[in-house]
1. In whole Hz and in residue order, list the ³J(HN,Hα) couplings for the range 54-63 that follow from phi through the Karplus curve 6.51 cos²θ - 1.76 cosθ + 1.60, θ = phi - 60°; x for Gly and Pro.
2. Using only the alpha carbons, work out the radius of gyration and Dmax of the range 3-94 in angstrom.
3. With labels modelled as points extended 7 Å from the Cα through the Cβ direction, what inter-label distance (nm, one decimal) is found for Glu3 paired with Lys51?
4. Return a single number: how many Lys pairs in the chain, at a sequence separation of 8 or more or on separate chains, have alpha-carbon atoms below 27 angstrom apart.
5. Could you tell me which of rounded, prolate or oblate describes the range 39-82, using a ≥ b ≥ c as the square roots of the eigenvalues of the alpha-carbon gyration tensor, with rounded for a/c under 1.5 and, failing that, prolate when a/b is larger than b/c and oblate otherwise?
6. When the helices in the chain are scored as -39500 (n - 2.57) per DSSP H run of 4 or longer and the sum is shared across all residues, what 222 nm value do you end up with, to the nearest 500 deg cm²/dmol?
7. What whole-number distance in Å separates the alpha-carbon centres of the range 58-88 and the range 25-57?
8. Only four residue types carry charge here, +1 at the Cβ of Lys and Arg and -1 at the Cβ of Asp and Glu. Report the dipole size of the range 3-94 about the Cα centre in Debye, rounded to the nearest 20.
Amino acid sequence: MKESTEMMYQKIGENVYRFRVLERMSQAQLAEKSQVSAAYVSQIEGFRLHKGITCTAIISISEALNIPTCVLLAQEACPKYLECLQQTVDYSMKS
């Protein structure tokens with residue numbers, strides 16, 4: 001696997017973890033809500049994917065986290081990423 005591909009998988013895993021924690025969800029809760037297995041969520045977050053991440057999984061996970069799909073692919077400097085992060089943090093603080 002190319003280094004750039006591995007870095008993208010790592011970024012997706014970091015973003016899934018970050019937004020899942022901000023939503024106060026366990027991996028099992030995210031798995032249930034997104035209809036992917038808990039083991040798959042764990043593999044995504046832990047960068048242990050050998051075959052990659054399906055588009056369907058990325059879309060399902062982003063919907064379960066209430067964020068645009070592009071945010072899971074984004075770097076921290078992306079304006080949309082920062083906007084979603086701020087909204088999630090603001091919402092979490094109100095709960």
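Every number in this text was worked out from the coordinates using simple rules, so none of it is lab data. Predicted, not measured: the structure shown is a model, and the values here were computed from it. Glycine also receives a Cβ, built like all others from the backbone with ideal geometry; neighbour counts cover every protein chain displayed.
1. Whole-Hz 3J(HN,Hα) from phi for the range 54-63: 6, 4, 4, 5, 4, 5, 4, 5, 5, 5.
2. Cα radius of gyration and Dmax of the range 3-94 are 12.3, 40 Å respectively.
3. It is 2.8 nm.
4. Qualifying lysine pairs in the chain: 10.
5. Values: a/c = 2.24, a/b = 1.58, b/c = 1.42.
In terms of gyration-tensor shape, prolate.
6. On the way: 6 runs with 67 residues, N = 95.
Helix-only estimate at 222 nm: -21500 deg cm²/dmol.
7. Between the Cα centres of the range 58-88 and the range 25-57 lies a distance of 16 Å.
8. Details: 9 positive and 10 negative charges, 34 e Å.
Around 160 debye, computed over the range 3-94.
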